[in-house]
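Q: Before anything else, here's the structure in question.
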Amino acid sequence: MDEKSLTSINQAKEAALRVLLHNARGPFQGLPRTAGWGYPEPYTRDLMISALGFLATGNEELADALRRTLMALAANQTPLGHIPSLAHDPADRGASDTTPLFLFGLALYRESANEPDFLQAAAQKALKWMQYQSPDDMVMVAQLPTSDWRDEQWVIGFGLFVNTVVYAYLVLYGDLQSASQLRGLMNRLEVLGEEKNPHEHEGLVVPAKPYYALYSYKIFNSDRFDLLGNSLAILTGIASPERGRNLVAWVEAECEAMRERGELAVHLPPCLFPYILPHHADWRLRYQRYNRPGEYHNGGVWPFICGFYVAACVAAGRMELASRKLLALAELVKPWHENEVEWGFNEWIQAQTGRPCGRDWQTWSAAMYLYAAECVQRQATPFFGAIRDGQTGHSSSK
């Protein structure tokens, strides 16, 4: 990498840290902000994902922000173990990903702080809650539409993203038997027609493709490509090394074809593709206003997800590609939308134009840039390397 590229990457790192320190305390009980201006609330999923960047920096103030968030989530946990969507509001319930992300973020913090029993009671309740999210009592969890990070996207039944997080925390908490069972189910071939054997459990492997399906439940499924879920499948080791390499190569080839067709203006992948178009069966009327093709959850380019993709490239052994994608990410996080700042760290970018469209100074955009940069520098994936190796760290569930 040339000196100019390194300078750009390092400047983005410095800016990302400034964003995170600015957002470390907000107006709600002093908990971290989700964004510098637009989202003052402490959203659970954003902050638990940001734990990767918080801890990768080694910054004590950010580690403390994570600790305070975890404590607030534990204090506002429901009696049955569910974690709310806002760290300060026990009444904001119903998300499918907040409880598994809490368990994941807690495990990362425990390992980093060397506190294996931190918030043990809350962890036990959350683990119990998650057991009841498997409708057939076979580890794989199901969800309702718009209940994970995609509040404008239908993912129903056994979703890829949520189950990759479940797999990650099962390994981190030492439940390797359940993790192995889940990995086996996720690597089953998914039947994409209406004729299914009712005695065969759903799988998430797409026929003749290297990636995993967006979701599956009985006769319903989607084989659209979910960048976040598939990146996590590589990072956690759900995907074999060979599948991981093939998956990354497929993403790069598909994105190049999209650029040639004018469907993608940047050098990083959209969150979902192919885009859902109005004549497709899975199009919903609401999408015309909130989720148009190439925008938001229907193929917008999200910097935090691109951070996971850079890390997945490292995990797949594509170091030179990871470096190039990190540089592209440094370029992606620079433009601003709402506030005239040197580095925007925007929420999401319109795929066809490269124009930032969300909130600036997004915590998880800054945090996942720092995590991606750390992965490229180390040529390793902190925390996920241990998951792929099947190590349990300090987060014993016993």
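Q: Out of the helices (runs of 4 or more DSSP H) lying entirely within region 231-320, which hold 1 or more residues that are at pLDDT 95 or above, touching a strand residue (DSSP E or B) at 6+ places or on another chain (Cβ under 9 Å) and among the aliphatic types (A, V, I, L, M)?
A: The qualifying helices (runs of 4 or more DSSP H) are 241-260.
Q: Quick check on my filter: what residues within region 210-230 are outside any strand (DSSP E or B) and small (Gly, Ala, Ser)?
A: Correct list: Ala213, Gly229.
Q: Here is a list: Gln143, Gln177. Which entry is surrounded by fewer than 24 Cβ atoms within 10 Å (Cβ to Cβ) and touching a strand residue (DSSP E or B) at 6+ places or on another chain (Cβ under 6 Å)?
A: Gln143
Q: Would you confirm, using the coordinates I've provided, whether Ala366 is surrounded by 22 or more Cβ atoms within 10 Å (Cβ to Cβ) and within 30 Å of Tyr173 (Cβ to Cβ)?
A: Answer is yes for this residue.
Q: Assuming Ile305 fulfils every condition listed in (1) touching a residue at least 40 places away in the same chain (Cβ under 8 Å); (2) surrounded by fewer than 24 Cβ atoms within 10 Å (Cβ to Cβ) apart from one, which condition is it?
A: (2)
Q: Of (1) more than 18 Å from Val162 (Cα to Cα); (2) of a type in the set (S, T, N, Q); (3) in contact with a Pro (Cβ under 7 Å, 6 or more places away or on another chain), Gln77 satisfies all except one. Which?
A: Here Gln77 clears every test but (3).
Q: Okay, next question. Taking the criterion of being crowded, with 23+ Cβ neighbours inside 10 Å and under 22 Å from Asp226 (Cα atoms), would at least one residue in region 389-398 satisfy it?
A: Scanning region 389-398, I find no residue that is crowded, with 23+ Cβ neighbours inside 10 Å and under 22 Å from Asp226 (Cα atoms), so the answer is no.
Q: Only one residue in Leu73, Leu66, Leu52, Leu47 is more than 19 Å from Gly26 (Cα to Cα), at pLDDT 95 or above and part of a helix (DSSP H, G or I), so which one is that?
A: Matching residue, one of Leu73, Leu66, Leu52, Leu47: Leu52.
Q: Further question on the same structure: Which ones in region 195-250 are among the β-branched types (Val, Ile, Thr) and without any contact (Cβ under 8 Å) to a residue 24 or more places away in the chain?
A: Within region 195-250, Val205, Val206 qualify.
Q: For Arg292, work out the one condition from (1) within 18 Å of Asp226 (Cα to Cα); (2) touching a residue at least 40 places away in the same chain (Cβ under 8 Å); (3) not aliphatic (A, V, I, L, M) it doesn't fulfil.
A: Unmet condition: (2).
Q: Among the residues of region 129-140, which ones are in contact with a Leu (Cβ under 9 Å, 6 or more places away or on another chain) and within 18 Å of Thr44 (Cβ to Cβ)?
A: Listed by number, the residues that qualify are Trp129, Met130.
Q: Phe104 - would you say it is on the phi < 0 side of the Ramachandran plot, of a type in the set (Phe, Trp, Tyr) and outside any loop (DSSP other than H, G, I, E, B)?
A: Against the criterion (on the phi < 0 side of the Ramachandran plot, of a type in the set (Phe, Trp, Tyr) and outside any loop (DSSP other than H, G, I, E, B)), Phe104 qualifies.
Q: Give the residue that is surrounded by the most Cβ atoms within 10 Å (Cβ to Cβ), with candidates limited to residues of region 35-73 that are of a type in the set (Phe, Trp, Tyr) and under 24 Å from Gly94 (Cα atoms).
A: Once the filter is applied, the top-ranked residue is Tyr43.
Q: Scanning for something closer than 24 Å to Ile387 by Cα, at pLDDT 95 or above and of a type in the set (Phe, Trp, Tyr), does region 221-228 turn up at least one residue?
A: The answer is yes, given that some residue of region 221-228 is closer than 24 Å to Ile387 by Cα, at pLDDT 95 or above and of a type in the set (Phe, Trp, Tyr).
Q: Hey, could you check region 29-63 for residues that are without any contact (Cβ under 8 Å) to a residue 40 or more places away in the chain and more than 25 Å from Gly385 (Cα to Cα) and say which is nearest to the chain's Cα centre (by Cα)?
A: Among them, the one singled out is Pro40.
Q: Within region 16-26, can you find the residues that are surrounded by fewer than 21 Cβ atoms within 10 Å (Cβ to Cβ) and either without any contact (Cβ under 8 Å) to a residue 40 or more places away in the chain or assigned to a helix (DSSP H, G or I) (or both)?
A: Leu17, Arg18, Leu21, His22
Q: To continue, here is another question. May I ask you to list the residues in region 329-363 that are surrounded by fewer than 22 Cβ atoms within 10 Å (Cβ to Cβ), touching a residue at least 24 places away in the same chain (Cβ under 8 Å) and acidic (Asp, Glu)?
A: Glu331, Glu338, Glu342
Q: Pro79 fails exactly one of the following numbered conditions: (1) buried (at least 20 other Cβ atoms within 10 Å of the Cβ); (2) over 24 Å from Thr236 (Cβ atoms); (3) not aromatic (Phe, Trp, Tyr). What is the number of that condition?
A: Here Pro79 meets the rest and fails (1).
Q: Restricting to region 90-114, count the residues that are among the acidic types (Asp, Glu) and either surrounded by fewer than 15 Cβ atoms within 10 Å (Cβ to Cβ) or free of Cβ contacts under 8 Å to residues at least 60 places away in the same chain (or both).
A: Residues in region 90-114 being among the acidic types (Asp, Glu) and either surrounded by fewer than 15 Cβ atoms within 10 Å (Cβ to Cβ) or free of Cβ contacts under 8 Å to residues at least 60 places away in the same chain (or both): 1 in total.
The values are calculated or read from the model by the stated rules, or taken from the named source; none is laboratory data. Being a predicted model, the structure only gives us computed values, none of them experimental. Neighbour counts run over all protein chains shown; Cβ positions are idealised from the backbone, glycine included.
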